[in-house]
Amino acid sequence: MNTFVLKLIACITMFIDHFTEVFIPQIGNFSLDGYGSISPVYLAGRLIGRIAFPIYCFLLVEGFFHTHDRRKYMARMAVFALISELPFDLAFQVKGKQLKMEELFSYQNVMITLLLGLVLMYIYEWIKMKYLMQPLIFNTLGVIAIVGIGFAAQLLKTDYGMGGVLLIMMFYMFRGKKLWIFVGGTIVLVFFINVLELAGLIAFLLIFLYNGERGPKVKYAFYAFYPVHLFLLGGIAYGIQYL
């Protein structure tokens, strides 16, 4: 399974997740302990959507190691994170209502989480280069960097927050070690994000089929898919109220 196929799966499952969140009623007649009454269709759509984020985290790490210019990689992610914020708010914060400024930056899109993960890997690589032969300094600075960026994600209220940053670092730290990735991923998903994220373990099985090949080169199409599909979903939801 190459990069193109993984990205395609991530986009499809993400779209199902976001479509469900925007258009499918959440309340239903299915009782789930700790989550109250929930629509089974809504639950199914959201569970399918859990597959997307681990794949994006994995591909982010692979991109970090294969890119020719890590600074440009971070700059590109920053640009798309900024572009995506308004469509993200339109789809999930506004939900057909009038836009209020206090809602505009109350919760940030997942590309900001991915950007923070890139920044953390960049910092960690610098620490490794400078202090790898001094284990105490290396480990201390490494922990400070991970905790600091994780708390930054929490303070900024980014999608997946600290758990998302930790999942990225898990793929970075255990790159190529399937058992450790599965165990580490399970721990992060359950204890730092949400127990329902266990559905994302399906993504790990797909990731383990990765063959290291790129496939068709359509990089910017996948970057653009995130803000474009959010804008369409949010725009449709906003327009429905006038029908």
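Annotations for the structure displayed:
- Tally, over the stretch 20-38, of residues that are of a type in the set (D, E) and modelled with pLDDT of 90 or more: 1
- On inspection, L60 fails the criterion of being closer than 22 Å to A199 by Cα and over 14 Å from the mean Cα position of the chain (by Cα).
- Failed item, numbered, when F182 is tested on (1) surrounded by 14 or more Cβ atoms within 10 Å (Cβ to Cβ); (2) farther than 28 Å from L6 by Cα; (3) among the hydrophobic types (A, V, I, L, M, F, W, C): (2)
- Qualifying residue in the stretch 216-238 (condition: farther than 26 Å from F80 by Cα and open to solvent by 80 Å² or more (accessible area, probe 1.4 Å)): no
- Some residue of the stretch 209-224 being aromatic (F, W, Y), outside any helix (DSSP H, G or I) and touching a Phe, Trp or Tyr at 6+ places or on another chain (Cβ under 9 Å): yes
- Residue match in the stretch 36-43 (condition: out of contact with any strand residue (DSSP E or B) (no Cβ under 8 Å at 6 or more places or on another chain), on the phi < 0 side of the Ramachandran plot and open to solvent by 60 Å² or more (accessible area, probe 1.4 Å)): yes
- Of the residues contained in the stretch 198-208, one or more are found to be within 22 Å of I48 (Cβ to Cβ), over 18 Å from the mean Cα position of the chain (by Cα) and hydrophobic (A, V, I, L, M, F, W, C).
- The stretch 63-78, residues that are assigned to a helix (DSSP H, G or I), more than 19 Å from the chain's Cα centre (by Cα) and closer than 14 Å to R214 by Cβ: H66
- Unique match (being without any contact (Cβ under 8 Å) to a residue 60 or more places away in the chain, assigned to a helix (DSSP H, G or I), among the hydrophobic types (A, V, I, L, M, F, W, C) and buried (at least 17 other Cβ atoms within 10 Å of the Cβ)) among V165, V147, V190, V143: V165
- Only listed residue being open to solvent by 60 Å² or more (accessible area, probe 1.4 Å), in a loop (DSSP other than H, G, I, E, B) and either over 18 Å from Y223 (Cα atoms) or at pLDDT 95 or above (or both), chosen from K97, K128: K97
For (1) under 26 Å from A75 (Cβ atoms); (2) at pLDDT below 95, each residue gets a yes or a no:
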| residue | (1), (2) |
| --- | --- |
| L114 | yes, no |
| A145 | yes, no |
| I149 | yes, no |
| A152 | yes, no |
| D159 | yes, yes |
| V190 | no, yes |
| V195 | no, yes |
| L201 | no, yes |
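The values are calculated or read from the model by the stated rules, or taken from the named source; none is laboratory data. Nothing here was measured: the structure is a model prediction, and the numbers come from that model. Here the Cβ is made from the backbone with ideal geometry for all residues, glycine too, and neighbour counts use every protein chain on show. Just the protein is used for accessible areas: all its heavy atoms, side chains included, with ligands, DNA and RNA removed. Shrake-Rupley method; radii C 1.70, N 1.55, O 1.52, S 1.80 Å.
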